[in-house]
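First up is the structure itself, then whatever we jot down about it.
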Amino acid sequence: MESSESKRHDLMKKIKDEVVAIKGSALAQERIKNKVYPVIGEGSHFAKIMFVGEAPGKNEAETGKPFCGASGRILDELLASINLPRQSVYVTNIVKDRPTNNRDPLPDEIELYGPFLDRQIDIIQPKVIATLGRFSMVYIMKKFGLDFDLGPISQLHGKKFEANTSYGKVTVVPLYHPAVALYNGGTKGALMKDFQILKEFL
Ligand code: URA
């Protein structure tokens, strides 16, 4: 794949246009009814590290930006703890439209939006994919054939899993979802510690 900035920008724009054009799914209908936005992703198209969350929340759907609410403030704190500027990474979600009342995404929603995430990974070709929460951990580990390593996030968080992709090796690092750190100090401590692992890829 040609990998100039403009080429990557165009491929990403195409994804955005396609997601905006989804009108029939339940989440898209909510988006249209509530006059909010899909959240495609944000950051460097040449990022070494890509963060994959679950789905947009209220703030995200209102602005079209990922992790810009309370969980985003935790993510910013975690990035700052390893001196990693947010604009140097890429942040996205599996599901691009907000699930009503922030409920867990349904399997058919992951099936609908997952291929857009797959294309984003192919465009950016990150060396590391840090998953935020259980849903993205399961999606990404299955995608890269790491099914046999799957287990509870309480056992997998902060570990590194290597996989081969069409563009070379990728390391998957499952992390807790920052939203959990909002009400669980222990999880915040674990996230802070796990983030240190990412330093070796900078
Ligand atoms: N939670 C997520 O998983 N993603 C966001 O963008 C915001 C909150």
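Structural remarks
- Scoring residue 20 on the criteria (1) in contact (Cβ under 8 Å) with a residue 40 or more places away in the chain; (2) surrounded by fewer than 22 Cβ atoms within 10 Å (Cβ to Cβ) leaves a single failure, condition (1).
- Answer from 113, 90, 139, 183 - the residue that is modelled with pLDDT of 95 or more, hydroxyl-bearing (Ser, Thr, Tyr), farther than 25 Å from residue 3 by Cα and within 16 Å of the ligand (Cβ to nearest atom): 139
- Just one of the listed residues (193, 188) is surrounded by fewer than 22 Cβ atoms within 10 Å (Cβ to Cβ) and in contact (Cβ under 8 Å) with a residue 40 or more places away in the chain, namely 188.
- Sole residue being without any contact (Cβ under 8 Å) to a residue 40 or more places away in the chain and acidic (Asp, Glu), chosen from 10, 97: 10
- Conditions (1) open to solvent by less than 60 Å² (accessible area, probe 1.4 Å); (2) touching a residue at least 40 places away in the same chain (Cβ under 8 Å); (3) at positive phi: number failed by residue 64: (2)
- Just one residue in the set 94, 153 is under 14 Å from residue 66 (Cβ atoms) and in contact with a Phe, Trp or Tyr (Cβ under 7 Å, 6 or more places away or on another chain); that residue is 94.
- Condition met for residue 100 (open to solvent by less than 60 Å² (accessible area, probe 1.4 Å) and at pLDDT below 95): yes
- Residue list for segment 40-61, restricted to those being away from the ligand (no atom under 14 Å from the Cβ), assigned to a loop (DSSP other than H, G, I, E, B) and open to solvent by less than 10 Å² (accessible area, probe 1.4 Å): 47
- Entry remark, segment 124-134: residues being over 10 Å from the mean Cα position of the chain (by Cα) and crowded, with 22+ Cβ neighbours inside 10 Å number 2 in total.
- Here is the figure for segment 136-155: residues that are buried (at least 21 other Cβ atoms within 10 Å of the Cβ) and either touching an Asp or Glu at 6+ places or on another chain (Cβ under 8 Å) or free of Cβ contacts under 8 Å to residues at least 12 places away in the same chain (or both) total 2.
- Every pair of residues 6+ apart whose Cβ atoms lie under 6 Å, when the first sits in segment 75-89 and is within 18 Å of residue 193 (Cα to Cα) while the second is open to solvent by 10 Å² or more (accessible area, probe 1.4 Å) and aromatic (Phe, Trp, Tyr): 75/67
The values are calculated or read from the model by the stated rules, or taken from the named source; none is laboratory data. Remember, it's a predicted structure, so these values are computed and weren't measured experimentally. Every residue, glycine among them, receives a Cβ derived from its backbone with ideal geometry; neighbour counts consider all protein chains shown. The protein model used for the area step is the full one, side chains on, heavy atoms only, and it has no ligands, DNA or RNA in it. Shrake-Rupley method; radii C 1.70, N 1.55, O 1.52, S 1.80 Å.
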